[in-house]
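Below you'll find the structure, written out as structure tokens, and then a few comments.
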């Protein structure tokens, strides 16, 4: 069972029954955690996803005076039993400022993203996550050849707009912009899709929910590295859509070839964890991460 939480507030509807009505419209049972937060209990991930899509549509439509400043969405892990999570939207301006200030002081907001005006608090990457990103950057630089006119970047802000970019951006773990890519480097952020992008999955980070955005900005390839259980997924942009073209599990499945970079990706069983194998096309060179 999954729990989805949401809040709806305007100057005129701080305690409106619309909170429970939205849940009922999506087939959930509404309840209250307080004056500004409503909760729906769902029987499946698909049902929760349907509810969340409707909620975000309402947030985008208003009637909030400042959707960006009034809505903070966080994902909290409640228990591993049944993969339960709770989504909470905080709509009280003073609480929003307090949360954002405290997170900023502690340096916890560096991985936050904003999805169509909704601040999404991502789980902090653990040491293994950072190890993979660092090693992958080194390996791909070696495979491409260094120095290079191409731009390899870790932890960028990727948006769909030049101005007001902080209202809609994602932070992929790693990205490659070939020298022919028309994407614009705005120093604070990039506008336009990379040629190749990597997302390493952390618990409850909603990695795959980012795919429509990456598709929208024109990302040519996305490699998803899942670690529970270990699996690779390679998506390619075909006629404007990111399609899953292959998966690889430890010791199972063919290597996944990139159309953008001169490499293939696979997983090799290992202890204490599988190794990500990157092999250079047309060469015997390979690296195990």
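The numbers here are math on the coordinates, done by the rules we state, and not lab data. This one's a predicted model, so the numbers in the text were calculated from it and none came from an experiment. Reconstructed Cβ throughout: ideal geometry from the backbone, glycine too, with neighbour counts over all protein chains shown.
The gain in end-to-end length when the residue 249 to residue 138 segment is fully stretched comes to 37.7 nm, 0.36 nm per residue minus the alpha carbon separation. Each of 217, 90 was scored by other Cβ atoms within 10 Å of its Cβ. Arranged with the fewest first, they read 217, 90. Distance between the C-alpha centres of region 231-265 and region 140-195: 20 Å, rounded to the whole angstrom. Annotation for residue 162 and residue 116: the two label points, set 7 Å from Cα along the Cα-Cβ direction, are 2.5 nm apart. Modelled this way, with points 7 Å down the Cα-to-C-beta line, the labels at residue 124 and residue 188 are 2.5 nm from one another. Here region 208-250 is scanned for amide nitrogen atoms under 11 Å from the site 7 Å beyond the Cα of residue 269 along Cα-to-Cβ, giving 250.
Per 0.36 nm of contour for each residue apart, how much would the distance between residue 228 and residue 209 grow if the chain were fully extended, relative to their Cα-Cα spacing?
Numbers: separation 19, 0.36 × 19 = 6.84 nm, distance 1.70 nm.
Length gained between residue 228 and residue 209: 5.1 nm.
Extending 7 Å from Cα along the Cβ direction at residue 104 and again at residue 288 yields two label points whose distance is 4.7 nm.
Taking a ≥ b ≥ c as the square roots of the eigenvalues of the alpha-carbon gyration tensor, region 127-288 is classed prolate because a/c is 1.5 or more and a/b outweighs b/c.
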